[in-house]
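Nothing in this text is a laboratory measurement; each read-out follows from the coordinates by a stated rule. Note that the structure is a prediction, hence the values are computed from the model and not measured. As a convention, Cβ positions derive from the backbone with ideal geometry for all residues, glycine included, and neighbour counts pool all protein chains shown.
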Amino acid sequence: MAKKILIVDDDPNIVTYLEDFFGDNGYDTCSATDGSEAMAVVKKEKPDLITLDLEMPEEWGPRFYRKLVKEEEFRKIPVIVISGLTGSKYAIQKAVASITKPFDRDKLLAIVKDVIG
């Protein structure tokens, strides 16, 4: 069974790109456009990894992350921050990686493979 990645980003172009990219590399995906929607998707889909944008219109990534880690069942899901904000590596210090947009797809894939296989 393929590992599942939740893509949380408000930019539909990024979501589509990552869905295609991860799908082409053998991963299943699901997506959400902000932090509040993402929590519902996590509960339903139980992803193996989350890619998380920080700046979104409804609920920002750091707030979603704080809610995520309060839930015992979801606290160990690895998170990769993918953001256009400078200094994003400090926003979620327990993220397994922090990548700045535009990102290197080979670097992202190497991180994903390292974290979830």
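What number, in percent, do you get for the relative contact order of the chain if the mean sequence gap of Cα pairs under 8 Å and at least 6 apart is divided by its residue count?
21
Taking Cα centroids, how far is the range 51-117 from the range 14-50 in Å?
Taking the Cα centre of each part, the range 51-117 and the range 14-50 sit 12 Å apart.
Determine one quarter of the surface area of the Cα convex hull of the chain, which equals its mean projected area, and express it in nm² to one decimal.
Average of the hull's projected areas for the chain equals 6.4 nm².
Step through the table entries Lys44/Lys76; Lys4/Lys113; Lys43/Lys113; Lys3/Lys43; Lys43/Lys67; Lys76/Lys101, compare each Cα-Cα distance with 18 Å, and write down the pairs that go over it.
Beyond 18 Å between Cα atoms: Lys43/Lys113; Lys76/Lys101.
Can you check what the net charge comes to around Glu19, using other residues whose Cβ is under 12 Å from the Cβ of Glu19 (Lys, Arg +1; Asp, Glu -1)?
With Lys, Arg at +1 and Asp, Glu at -1, the net is -3.
I want to check the label-to-label distance for Glu45 and Glu71. Put each point 7 Å from Cα in the C-beta direction and report it in nm to one decimal.
1.3
Using a 7 Å offset from the Cα along the Cα-to-Cβ direction at both Met1 and Asn25, what is the distance between the two label points in nm, to one decimal?
Calculated label separation equals 2.2 nm.
Taking neighbour Cβ counts within 10 Å as the exposure measure, how do Arg63, Arg105 sort from fewest upward?
By the 10 Å Cβ count, ascending, the order reads Arg105, Arg63.
Between Leu85 and Asp10, what is the label-point separation in nm under the 7 Å Cα-to-beta-carbon projection?
Between Asp10 and Leu85, the simple spin-label model gives 1.1 nm.
What are the DSSP H helices in the chain that stretch 24 Å or more along their long axis, judged by alpha-carbon atoms, and whose average Kyte-Doolittle hydropathy comes to at least -1.0?
Span-like helices here: none at all.
Taking the Cβ of each residue in Glu58, Glu45 as the centre, tally the other Cβ atoms inside 10 Å and list the residues starting with the fewest.
With the sparsest Cβ surroundings first, the list reads Glu58, Glu45.
Just want the ordering: Lys4, Lys113, Lys44, from fewest to most Cβ atoms lying within 10 Å of their own Cβ.
Taking fewest neighbouring Cβ atoms as first place, the list is Lys44, Lys113, Lys4.
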